[in-house]
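The values are calculated or read from the model by the stated rules, or taken from the named source; none is laboratory data. Keep in mind the model is a prediction, meaning the values are calculated, not measured. Cβ coordinates were reconstructed from backbone atoms using ideal geometry, including for glycine residues, and neighbour counts include every protein chain displayed.
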C-alpha cells in the first residue's frame, strides 16, 4: 500500500486511497439527517431517505409536509412504498398549515416513544428551521431513538446540528431488456458529516433481490475481488528514517 | 320484498298496496300480475329493527315502561300516566301522532290483551272496554296446525274457547294455547320487559364562591375526570367524546368538546387533549368574575377492554398507546382530517386504488397489491395528472420527446404500454360502445438526465379525435 506524504506533512483530505471506496454511511437512528435535492429529483430523495434510514420496519413512520408549499401536487402511492420494502399502513401523513406547525408537530412526533422515524418534507427557504430548531430535533431524536429526516427541496444548506447532510439526484439507470428503464439509480453525495469528513459522490443502484440501494462500485468490484495486503513493515520501529514498503 | 325459498315474496306493504288486494307473503309474480306498476325494494330487517328501537326511545316521553314487540310493535304500560296527557283517548291520539307511522293502537287491562286487540281487533272495538272475547282465535298467535285444529273444531272466537274447560283445551290443542289464553284473559300474568335507558356519565362541581384562576378550574376538571373514570370503569366503558361546560357567574356558558380516536379513561390523557383544545381556541376563555360551576359529560362511550400487561408485550403496547395519543393530539391541534393514513381500495384506476382516511379511525388490516408480474407503480402520484406535450409514434408507440413545465426532455428508455381501461360499470351508458370512457396506455419512461416518469395517453388513436398525454407519477 502506498501512503503518500505531502510536503507540508498534513493528512490527506477526502477519502483514504484504498482499493475499495468507502461505502456511503447509513442514516443512523437517534440522529437528525438532512437531504437536499432539486425539485425534479424529489422522488429519488424520498426513496433514499426511506430506504437508507435505520429504523425498525415494524415501527410507525410519520411524514409531515405543508400542503400549500409544494409547487407540485403529489401524494404517496401505497404500492410504490411497498415496492421499496415499506409497509404503507405504517405511514401516517400529517399536514400542518404552516412551517412553524410543521416543526412543532415534528418535535412532538420525535419525542413520542412509539414513533420509529419522522420524515419532514420542506420546499424553499424554510426560514423557521434554524440552529435552535435543529438542536431541539436532535435532542428529541437522541432521547427517543427515532430517526429524524428532513428533506429540503430547492434549498441552500444552512448551519444546523444535523448528523449528516446529503445531496441527492436521480441518475441514469442500467437498461433492462428491450430498452426498458432499469432499476432506480441515485447519485448521492455526503456534503457534511459531524465527526467525519465529507465524501462521495456515490452511484447507488437499487438491488431488487435484497430490497435496498447498493453502491455501484462495490457491486462491480465484488466478483473476483482480492483481499488487500496488510501494510507490511520489514523494519522494526527504530526511530525516524523508516522506509515505507509498497 | 324478501327471498323465501326460491321465490321473491312480499314482506311488507303500504296502505295503497293493501287496497289493491295484495297480501304479505304473496309471491312477487302474483303481485305484479295484479298490479303491474308495483314499486318494490329489498327488505332490510336490520334497518327495521333499528327504527323500532328509535321509536321505542321516542315513546319514552309517555311512559318509562316501553318494551319491544318485534318485528313491528311496541308495548307501553300507561297505568298511572294517562291523566298526565288528558285521558286515555288523548294519549292514544298523541302516541299516534308522535310515532309518525300508520299504526294500530289497542288498549287492554294487560299486555297480551292489548297486543291482541291492536293486532287483531277491528275498528272501534280497540278502545277501552273492548271485549277480548270477541277477538278471533288467530289472536292467540299459535302455530298453523293448532289454528287449523281450532277452526275445524268450530271455535271461532276467544270467547268460544274461554267457555271450554282448560284441561280439554290443553289435551287437544297443546299447553301453549292454554297459556296464551290465560294471559289474554288476565288470569295469568304477562309481564313487560322494559328497556332501560343507559345512565349517562356525568360529574358536576359547584363552587360556593366563583373561581377566576384558570389553573384552579383545570384542577377541578381533572377531579371531575377522575370521578367520570370511576363510573366508566365500573361499566367497562371508555369515553370517545368529552364535553366540559363552564358556567360563569353572570350566566354565560362555555363549552369545550374533545374527541378521541380510541376510547380513553385516563384523566391525564384527557387533560393533555383538553389543554391542546384550549390552546387552539379562537377566542380565549374569559373568566369574567369567576366560574360558578363546571359540568363534565361523556356523551359518546364505547366498551374499553383493559389490556393485560404482560412482560414481553408491555413495551409494545406502551409504544402503540403513545402513537395513538400522538395522533389524537395532532388531530386536535391541526384538525382530524389532516392526520391521515393510506388505505387500499379495490379499484384498478391508479388514482382510485387508494384513499386517505383519518388516522384516528380504527382500520382493518389492509392488503396491498404486490403483484410481481404487474409493472411497477411510481413512488409519487401526481394528483391531478399534469398535462404534457408529447411527440410519440402513432398509433401506440412510446413517447420520443416531451415538454413539461417549459422544459424539453428527450426520452432515452421506455417500457409499455400498460393498458388500463376506464371503469365502464360506473357510467350510465358504459356498456354501450363508445360510452365507457377513455382507455389509458401507461408508459414508464426515462429521460436523458436519468429521471423516470409514469405517463399515459388518454384515449386510443382511431377512437378519439384529440389525444392528450398526461404525467401521472414519478419514479425514484
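Assorted remarks:
- Residue B:330 vs. criteria touching a helix residue (DSSP H, G or I) at 6+ places or on another chain (Cβ under 8 Å), closer than 30 Å to residue B:279 by Cα, at pLDDT below 85 and surrounded by 12 or more Cβ atoms within 10 Å (Cβ to Cβ): no
- Residues in the stretch B:208-242 that are buried (at least 17 other Cβ atoms within 10 Å of the Cβ) and within 28 Å of residue B:282 (Cβ to Cβ): B:211, B:217, B:220, B:221, B:224, B:225, B:228, B:239, B:240, B:242.
- The number of residues in the stretch A:68-101 that are facing chain B (nearest Cβ under 10 Å) and closer than 18 Å to residue A:155 by Cβ comes to 4.
- Close pairs (6 angstrom Cβ cut-off, 6 or more residues apart or separate chains): farther than 30 Å from residue A:180 by Cα in the stretch B:414-439, part of a helix (DSSP H, G or I) and at pLDDT 80 or above anywhere: B:430/B:424; B:436/B:424
- Of the residues making up the stretch A:175-197, at least one is part of a strand (DSSP E or B), at the interface with another protein chain (Cβ under 10 Å from one of its Cβ atoms) and exposed (fewer than 14 other Cβ atoms within 10 Å of the Cβ).
- If only residues of the stretch B:328-357 that are in a helix (DSSP H, G or I) and more than 7 Å from chain A (Cβ to nearest Cβ) are counted, the one that is nearest to residue B:438 (Cα to Cα) is B:337.
- Residues in the stretch B:165-200 that are over 42 Å from the mean Cα position of the chain (by Cα) and assigned to a loop (DSSP other than H, G, I, E, B) were compared, and the one that is surrounded by the most Cβ atoms within 10 Å (Cβ to Cβ) is B:174.
- Subset of the stretch A:63-74 (residues that are surrounded by fewer than 17 Cβ atoms within 10 Å (Cβ to Cβ) and free of Cβ contacts under 8 Å to residues at least 40 places away in the same chain): A:67, A:68, A:72, A:73
- One residue alone among B:392, B:359 is under 27 Å from residue A:96 (Cβ atoms), buried (at least 17 other Cβ atoms within 10 Å of the Cβ) and either in contact with a strand residue (DSSP E or B) (Cβ under 6 Å, 6 or more places away or on another chain) or not assigned by TED's automatic domain parsing to the domain that holds residue B:464 (or both), and that residue is B:359.
- Only residues that are away from every other protein chain (no Cβ under 14 Å) and either within 16 Å of residue B:347 (Cα to Cα) or touching a strand residue (DSSP E or B) at 6+ places or on another chain (Cβ under 7 Å) (or both) were counted in the stretch B:420-435, giving 7.
- Unique residue being out of contact with any strand residue (DSSP E or B) (no Cβ under 7 Å at 6 or more places or on another chain), exposed (fewer than 13 other Cβ atoms within 10 Å of the Cβ), more than 22 Å from residue B:257 (Cα to Cα) and modelled with pLDDT of 85 or more when the list is B:364, B:352, B:268, B:315: B:352
- Residue, surrounded by the fewest Cβ atoms within 10 Å (Cβ to Cβ), within the stretch A:102-126, restricted to residues that are at the interface with chain B (Cβ under 10 Å from one of its Cβ atoms) and farther than 27 Å from residue A:38 by Cβ: A:113
- Qualifying residue in the stretch B:409-419 (condition: touching a helix residue (DSSP H, G or I) at 6+ places or on another chain (Cβ under 6 Å), within 7 Å of chain A (Cβ to nearest Cβ) and more than 15 Å from residue B:470 (Cα to Cα)): yes
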